[in-house]
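Visitor: I am attaching a structure below and will ask some questions about it afterwards.
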Amino acid sequence: MKGSQRYQIALAGALVVAFLGVGRAEAGSVFALSSYTPSFTFQDKLGATTMTLAFDGTYYWSSSGGSMSGPRYAQYDSSGAFIATYAPGLDFRSVFTDSSGKVYARQYNDDRIYRQTTTLGVFEESGVVLSGGPLDAQSGVVLDETAMQYLAHGPSGFDGGGIVTRWDMDGTNLGTVSLAGFGSVTGETVYPANRGIAVGQGHWLTYRNQTLSAWDAAGNRVDTATLVGAGTGTSSHFSLSYANNMVFIVDGPGGLWRGYVIPEPVTILGVFAGAAGLAGYLRRRRLA
């Protein structure tokens, strides 16, 4: 077979891969696949009701709620190996990090944001009070992807949900966004799924019974995906987190944290750029 023929065959193969990639990307506007299996797991080391998880660039931190007393905060290394538990005196509803990896928290029925000090496991008031707008006692608070706004999902109580409240970094209310069609996924209006929110893939994320939903900042549901094997109990619905570029759901207290790597869909331009790159490589290899 002549070199030019080998080149044409290889280039045709690259274009086939490209078109397959485009078809896969068009499966969803946010999620490249319709379902995902866990990419990473480790064992939770807290009791009571497990809340959310954060990653500060070196350590994972899990939290639990139901009381302010006893071990409510646990530290793990980047491989998920347990290091220690702490009793910071907070009844956690969420832990999250800023762009520098500093850990923050919100506790039950409290409009103040807390910050971990340089002493691990010790929290202090950050000085930010989320004023104005609805903030349910049970809602987890997180930072948006730009780390320039606080977000909370609620009000929920024990029914409803579907309202996202925003505050600036000083705690001043910026208004609310209604999640259009919230409730069309069976059971997502049921507590505690109706009070959780995470931020990842450039979108707001909610979770109910293995279904992960992505929302844009206007409150439109833009995609869903199934998290295979993800927990469906009370702690699981409290635990929805985005940390270390993964979506995390816990099975339950003392159970497994399951991390799901969810790459964004490949863009058409990206796919063809890859095909062109391969063609150039083949040409340099003198297949032409």
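Visitor: I need Thr50, Thr85 ordered by Cβ neighbour count within 10 Å, fewest first.
Guide: Neighbour counts put them in this order, fewest first: Thr85, Thr50.
Visitor: I've got another one for you. In sequence order, what are the phi-derived ³J(HN,Hα) couplings for the stretch 120-129 according to the Karplus relation 6.51 cos²θ - 1.76 cosθ + 1.60 with θ = phi - 60°, rounded to whole Hz, with x for glycine and proline?
Guide: Each residue of the stretch 120-129 in turn: 4, x, 10, 10, 10, 5, 7, x, 8, 10 Hz.
Visitor: Relative contact order for the stretch 33-264: what percent, with Cα pairs under 8 Å and sequence separation of 6 or more?
Guide: 20 percent
Visitor: Order of Leu179, Leu143, Leu53, Leu174 from fewest to most other C-beta atoms within 10 Å?
Guide: Leu174, Leu143, Leu179, Leu53
Visitor: To continue, here is another question. With each pseudo-label sitting 7 Å past Cα toward Cβ, what's the Asp144-Ser184 distance in nm, one decimal?
Guide: 2.3 nm
A short reminder: the numbers here are calculations on the coordinates, not readings from a lab. None of the values given here were measured: they were computed from a predicted structure. In this analysis, Cβ positions are derived from the backbone assuming ideal geometry, glycine residues included, and neighbour counts consider all displayed protein chains.
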